[in-house]
Amino acid sequence: MMNKSGGAFVDASGIAVLARGLTVARGDRTVLHSLDFTVPPGRITGLLGPSGCGKSTLMRTLVGAQARVTGTLDVLGRPAGSAALRSRIGYVTQAPSVYDDLTVRRNLEYFAAVLRPGRRHRAGRRADVTRAIADVDLTSHTDTLAGRLSGGQRSRVSLAVALLGTPELLVLDEPTVGLDPVLRRDLWTLFHRLAAERGTTILVSSHVMDEAERCHRLLLMRDGRILAEDTPDGLRERTRTPSVEAAFLHLVDEAAARPRPVSTAVPGHPRTPQQHHSRHRINGNTGSTGINGSTDQEATR
């Protein structure tokens, strides 16, 4: 069952993203270890952790672009990877996804036509393109070839593509890496405006701990596991530390001091009766809302 909250569809519990027992394997190695977390709607949730901890894998899983996934992952009230979510989610990868031989406007016009094809949507596409270019402050570079832009400007073109069609969920994989302080500040101002004015749910990853203070809520990751899920103030109070970075280091030391649980589930294998019961309890009577074989067929590596 779905309802609307702040302009975005969420599940009946008012959650934009719900993960239970989320596990991802690559080859014979488990990359994400039975993650449990939620993402609230209309807020900025920061996914923070060192490089290689699984942030990008988790984001690919959210948008349905990751294979060999087990567990439950509901996004905007639907199983992750559902075709119905494609126009409702904006996804920005670490590498700019633009065509260097097209202008800024032509890049956006191309992706807008993919998103909403047909002549009857022409006026709407034109308005979406103009708005997205203005959102990322590239109006003065509208007719510039993408290949002639700076790295930061090309990243903003990728963000503009993700903003086409006013998505309900933005998934941003380290969008501020390599940007100067002014551009970083301007992007975070945009993220907060999108959340406050449009009710957009934003999940943004970073390995820069000072950006944690700009988020409403945080997911701290290390070695494919969630260390903590809380607000910046909550993390500082919980660990009695002066900063989120200090809180993260405290949690790392705390996790290292206790033995890790031995996983009894093998990714890709059927669940045990106990695991199946747990999944049913979380999702009520809505049927199979977890990632299973059919969803894996939709996902790409």
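The values are calculated or read from the model by the stated rules, or taken from the named source; none is laboratory data. Computed from a predicted structure; not experimentally measured. Here the Cβ is made from the backbone with ideal geometry for all residues, glycine too, and neighbour counts use every protein chain on show. The accessibility values were calculated without ligands, DNA or RNA, using every heavy atom of the protein model including side chains. Shrake-Rupley method; radii C 1.70, N 1.55, O 1.52, S 1.80 Å.
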For VAL182, which of the numbered conditions (1) modelled with pLDDT of 95 or more; (2) open to solvent by 60 Å² or more (accessible area, probe 1.4 Å) fails to hold?
(1)
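Yes/no per residue for (1) among the aliphatic types (A, V, I, L, M); (2) under 22 Å from LEU187 (Cβ atoms); (3) surrounded by fewer than 20 Cβ atoms within 10 Å (Cβ to Cβ):
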| site | (1), (2), (3) |
| --- | --- |
| VAL92 | yes, yes, no |
| ALA113 | yes, no, yes |
| ARG126 | no, no, yes |
| VAL129 | yes, yes, no |
Would you confirm, using the coordinates I've provided, whether THR139 is surrounded by 14 or more Cβ atoms within 10 Å (Cβ to Cβ), more than 24 Å from the chain's Cα centre (by Cα) and over 21 Å from VAL177 (Cβ atoms)?
no
Please indicate, with yes or no, whether at least one residue in the stretch 109-120 is touching a residue at least 24 places away in the same chain (Cβ under 8 Å) and closer than 25 Å to SER205 by Cβ.
yes
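Take SER150 and decide whether it is modelled with pLDDT of 95 or more, on the phi < 0 side of the Ramachandran plot, of a type in the set (S, T, N, Q) and surrounded by fewer than 16 Cβ atoms within 10 Å (Cβ to Cβ). Lay out the reasoning, then the answer.
Details: modelled with pLDDT of 95 or more: no; on the phi < 0 side of the Ramachandran plot: yes; of a type in the set (S, T, N, Q): yes; surrounded by fewer than 16 Cβ atoms within 10 Å (Cβ to Cβ): yes.
No, not satisfied.
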Within the set of pairs 6 or more residues apart or between chains, which connect a residue that is closer than 18 Å to LEU163 by Cα inside the stretch 129-148 to a residue that is of a type in the set (Val, Ile, Thr) and exposed (fewer than 15 other Cβ atoms within 10 Å of the Cβ) with Cβ atoms less than 6 Å apart?
ILE133/THR139
Members of the stretch 209-248 that are free of Cβ contacts under 8 Å to residues at least 40 places away in the same chain and of a type in the set (Val, Ile, Thr):
THR231, THR239, THR241
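Out of curiosity, is ASP74 open to solvent by less than 50 Å² (accessible area, probe 1.4 Å) and in contact (Cβ under 8 Å) with a residue 12 or more places away in the chain?
yes
Can you pull out every residue in the stretch 25-74 that is closer than 25 Å to ASP233 by Cα and of a type in the set (Asp, Glu)?
Going through the stretch 25-74, the residues closer than 25 Å to ASP233 by Cα turn out to be 35-51, 53-55, 58-59.
ASP36, the sole residue that qualifies.
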Exactly one of (1) in contact with a Leu (Cβ under 8 Å, 6 or more places away or on another chain); (2) on the phi > 0 side of the Ramachandran plot is unmet by VAL129. Its number?
(2)
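Would it be correct to say that GLY52 is modelled with pLDDT under 95 and within 28 Å of ALA247 (Cβ to Cβ)?
Values: modelled with pLDDT under 95: yes; within 28 Å of ALA247 (Cβ to Cβ): yes.
In short, yes.
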Taking interchain pairs and intrachain pairs at least six residues apart, which have beta carbon atoms under 6 angstrom, with the first residue in the stretch 79-102 and in contact (Cβ under 8 Å) with a residue 12 or more places away in the chain and the second open to solvent by 40 Å² or more (accessible area, probe 1.4 Å) and small (Gly, Ala, Ser)?
ASP100/GLY147
